[in-house]
Amino acid sequence: MGTKKTKSSKYVAARVRVALRPGDAVRVARELQELTQAELAKVSGIPQPTLSSIENGRATLGAERAEKLARALKVHPAVLLWPNWDVRAESKRATG
């Protein structure tokens, strides 16, 4: 991931400072929307103790839970399942 400015862009891409786990991504998305675990549990249908376990890395997120949480948090499930995915790096690999 480069940090050089280009002539067509005013902004520089941020460098990843901390790798997130899926549970971290759920917590960050929830906190950014100022939701408690209890509130997210109510709108997602996932019990609060399970949310706590996911956020603390004691339970796996999985595709089904990610879909429910993504709908409740209004994000794409990939944001929660693969929070460290680098689209630009993958594009470069794909094009060689």
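For the stretch 17-41, the tally of residues that are more than 15 Å from V79 (Cα to Cα) and either at pLDDT below 95 or assigned to a helix (DSSP H, G or I) (or both) stands at 7. Where helices (runs of 4 or more DSSP H) fall wholly inside the stretch 42-96, the ranges with 2 or more residues that are over 23 Å from V18 (Cβ atoms) are 48-55, 62-73, 87-95. For the stretch 20-69: of the residues being basic (K, R) and over 15 Å from the mean Cα position of the chain (by Cα), which is nearest to N84 (Cα to Cα)? Here the answer is R58. Pairing residues of the stretch 66-85 that are within 19 Å of A14 (Cα to Cα) with residues that are assigned to a loop (DSSP other than H, G, I, E, B) and small (G, A, S), at Cβ distances under 8 Å and at least 6 apart in sequence or on separate chains, gives N84/A19. Scanning the stretch 22-47 for residues that are in contact with a helix residue (DSSP H, G or I) (Cβ under 7 Å, 6 or more places away or on another chain) and either surrounded by 15 or more Cβ atoms within 10 Å (Cβ to Cβ) or basic (K, R) (or both) yields P22, G23, A25, V26, R27, A29, R30, Q37, L40, A41, S44, I46.
The values are calculated or read from the model by the stated rules, or taken from the named source; none is laboratory data. Because the structure is a prediction, the values reported are computed rather than measured. Positions of Cβ are generated from backbone atoms using ideal geometry, with glycine treated the same way; all protein chains shown enter the neighbour counts.
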